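S.K.: My questions will all concern the structure given below.
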Amino acid sequence: MIDVEYKWVVLMVTTVGSFLTAANSGVVIIALPQILADLHASLAEGVWMIAVYQFVITILALALGRFADLYGRAKLYTIGYIVFSLGTGLSAIAFSGLQLILFRGLQGLGAAFIIVNGMSLVADAFPLHELGMGIGINFMASSVGSVMGYVLGGALVTYSGWRTIFLFIIAVSIFGTLWSHRRLHEVFPEFHKEPFDLSGTALYVAGLTVILLGLTLGAVTQILNLTLLASGFLFFMLFVFLERNLRYPVLDLGLFRNRQFAFGNLAGLLTHVSAGAFPLLVSFYLQFIRGLEPIQVGLLLLWGEIVVAVLTVLCGHLSDTYGSRPFVVGGSIIISSGLALFSFVDRSSPTTLILGIILLLGVGRGLFGSSNAGSVMSAVVPESHGIANGVRSTVNNTANLISVPLVTALMTIVLPYERVLGIVTGVPFTSEVEILSFMRAISFSMLILAFPSFLATVPNLAAKSRSK
């Protein structure tokens with residue numbers, strides 16, 4: 001039976017967690033030049049300072065989801081806050097690039113506990129007919145956190161130095177730790193007592209790690225990258241074979257026999273592959289083609305995140321009443337249309353048109369996000385909420401990680417990889433022809449990215465529409 005008062009406690013506590021983990025994802029991007037100079041770190045180390053946080057979340061989400069189903073979500077959620085606080089405090093006193101990378105990875109471990117268990121706690125505490133609203137508010141907190149990460153990070157770096165970013169985050173994190181410890185408890189106290197699947201977890205983490213390395217270490221067409229990708233897929237084949245023959249697997253493949261769960265995750269994969277790299281491509285266009293400053297780019301992107309924040313709550317609530325299908329289908333179509341429209345932008349396109357496309361993408365993401373998450377989570381029994389959200393988080397995070405190297409590969413079809421890399425790291429254009437080639441590379445990438453989100457309409461239409 002649902003405790004009416006407790007569901008709001010869960011929502012408030014997990015909303016703080018959603019805000020915090022999202023804000024932490026972007027603060028290092030703003031502060032990166034100052035961090036590299038202060039720690040005498042290389043550009044490669046700087047890339048990993050940014051990427052390792054999301055990387056750790058992605059490779060651990062599935063295993064932690066299963067772990068939560070076995071040992072309890074409220075307890076592990078609080079542990080996540082403790083680990084996150086520790087990683088944040090250590091990041092504030094890092095004295096080398098490698099140290100900061102390791103401590104950001106520890107932050108990612110804590111964030112993985114928070115993200116996976118937070119959504120599961122909301123799904124446990126809310127009745128089915130209000131689940132979309134609860135998830136929508138959590139998604140809004142993530143969107144606001146993403147925006148505040150850039151704004152707050154920029155302000156703190158400008159006026160008090162990059163280390164104060166982590167000091168602010170740890171203050172909020174300690175508050176969240178104490179709050180979750182005092183107020184959270186298990187809605188379903190009886191958890192599975194089966195053994196944890198260590199061998200399956202190891203194969204899964206190894207496979208995903210090798211694949212993500214293959215997608216991010218230089219051009220995907222290099223021999224090393226292709227070898228890594230092939231090795232990763234081999235790990236996954238062994239993982240699937242093992243999971244099919246284990247009594248207590250880390251991933252219950254039977255979940256995918258549920259059409260709503262399987263198609264919802266497939267739609268999420270396709271849509272996030274399309275939308276994940278959009279801010280990067282827009283930033284390339286505005287900075288290198290139009291000559292805008294980073295702060296100006298951030299302010300333009302801010303409006304899209306505001307739209308996402310508002311619509312995730314509204315659509316989460318409306319999908320409880322009218323079903324999720326109109327929102328997830330409409331969201332995918334709008335994202336696809338916005339990407340295709342941007343492929344026709346040129347050097348002289350008005351800024352109002354660019355802002356309009358950014359807002360259009362915000363509408364699409366807002367319609368799709370919480371409605372898709374609610375549909376996936378409502379497809380499984382409460383005892384499997386942990387692993388279900390682990391799968392959902394892994395699918396979406398992997399798609400976002402794939403999207404960026406995919407864009408790089410697409411751009412190199414038009415312009416050589418070395419030249420693309422040089423341009424985005426500050427090497428000036430050599431001619432008008434090269435400027436036009438770079439613009440064509442962006443347009444070509446946008447047009448190709450539009451296809452996955454359009455294809456997502458098929459599983460969106462095939463899935464059962466969750467409603468009251």
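S.K.: Using bins 10 angstrom wide from zero, how does P(r) for the chain break down, in % of all Cα pairs?
M.R.: Computed distribution, short to long bins: 4, 20, 32, 29, 12, 2, 0.
S.K.: Quick one: which of 388-396, 54-62 comes out on top by average Cβ neighbours within 10 Å, and what's the full order, highest first?
M.R.: Those peptides, ordered most packed to least, come out 388-396, 54-62.
S.K.: Hey, what's the Kirkwood Rh for region 197-249 if you take every pair of different alpha carbons, in angstrom?
M.R.: For region 197-249, inverting the mean 1/r across all distinct Cα pairs yields 11.3 Å.
S.K.: Sort 102-115, 280-293 by the packing proxy (mean of other Cβ within 10 Å over each peptide's residues), most packed first.
M.R.: Highest mean packing first, the order is 102-115, 280-293.
S.K.: May I pose another question? Sticking to Cα atoms, compute the Rg of region 254-463 to one decimal and its Dmax as the biggest Cα-Cα distance, whole number, in Å.
M.R.: Expressed in Å, the Cα Rg and Dmax of region 254-463 come to 18.1, 61.
Just so you know, all these numbers are worked out from the coordinates, no wet-lab data involved. As the structure is a computational prediction, the values presented were derived from the model and not from experiment. Heads up, the Cβs are rebuilt from the backbone with ideal geometry, glycines too, and the neighbour counts pull from every protein chain shown.
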